[in-house]
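Right, one structure below, let's go through it.
The values are calculated or read from the model by the stated rules, or taken from the named source; none is laboratory data. None of these values were measured; they are calculated from a predicted model. Positions of Cβ are generated from backbone atoms using ideal geometry, with glycine treated the same way; all protein chains shown enter the neighbour counts.
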Amino acid sequence: MINPFKNKKGLGRGLSSLIGDNEIKATNNKVSISSIIPNRFQPRKNFEKQSLEDLTNSIRERGIIQPLVVRKSDDSDNKFELIAGERRWQAAQSAGLHEVPVIILNIDNLKSLEFAIVENVQRKDLNPIEEAEGYKRLIDEFNYDQEKVAKFIGKSRAHISNCLRLLTLPKKIIQNIVEDKITQGHAKILVGLENAELLVDKIIKKKLSVRQTEALARLTKNKPLKIKSSKDANIIEMENQISSKIGMKVNINNKRNNSGTLIFEYKDIDQLDRIVQVIKDKY
């Protein structure tokens, strides 16, 4: 069977390299549009309304030029699960088509997710959060590590790591990224900042550039924190003694009933190992 993806330009690491010739079960089929169900592994969740309307008009006039890619559904013998082409599928429904051309593949869940991520990333259809969530699924559900994801997608490990860090941001900021109110460049600066939600409001209101955001973040970091209540002098002395002894910043939060927390701020894994070893030796 001929691989319909072979020699397609612009696919890079993508479709033809994910699927070998022997795995293609059928080509140039037509199936009922009602027999197709969405891809459960589709990383893309947001589809631009105007773009979808333009595609609907195009399909209404010229039909679907590039077939959808599907696989047989695990849940039903009469259904096909989309692998690639969800925009075309949605637009075809809006255009009133009853049948659509498809390529049917015999692939498993991992391949389906890989396929969907590669297609969307290479076409730059995903927003940064959708991209990060796609990588996270590869890691959480299919035991990939960041190195393997980077090699597979064809991106640097730093790119994968930076994408995944976006998912640690507050929900408010994540939504701003999804709604394209701030860029990925803005978001990277906000990761790990305690006042990130306050800063994002300023970024949006003042339409700050990434460079201006970096300057604002530096300024905020350098500002001393306002302490509402003064800490007991004995506690401060104790913090200083422990800090000078172990070479790390120490913070003691002592409550009125003399219970509280002792926090060590370590800079690298070696310092963490040192703390753990001291505890093991003493206790």
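Taking the options K207, K171, name whichever one is on the phi > 0 side of the Ramachandran plot and modelled with pLDDT of 90 or more.
K207
Go through the stretch 80-191 and tell me which helices (runs of 4 or more DSSP H), entirely inside it, have 1 or more residues that are touching a residue at least 12 places away in the same chain (Cβ under 8 Å) and outside the structural domain of L52 (by TED's automatic domain parsing).
Passing ranges, in order: 128-142, 146-153, 157-165, 171-178, 184-190.
How about the stretch 74-89: which of its residues are modelled with pLDDT under 85 and within 24 Å of V118 (Cα to Cα)?
The answer is D74, I83, A84, G85, E86, R87.
Run E81 past the list (1) farther than 17 Å from R40 by Cβ; (2) buried (at least 16 other Cβ atoms within 10 Å of the Cβ) and report the number of the one that doesn't hold.
Of everything listed in (1) farther than 17 Å from R40 by Cβ; (2) buried (at least 16 other Cβ atoms within 10 Å of the Cβ), E81 misses just condition (1).
Keeping to the stretch 200-210, report how many residues are over 11 Å from N176 (Cβ atoms) and either assigned to a helix (DSSP H, G or I) or not basic (K, R) (or both).
6
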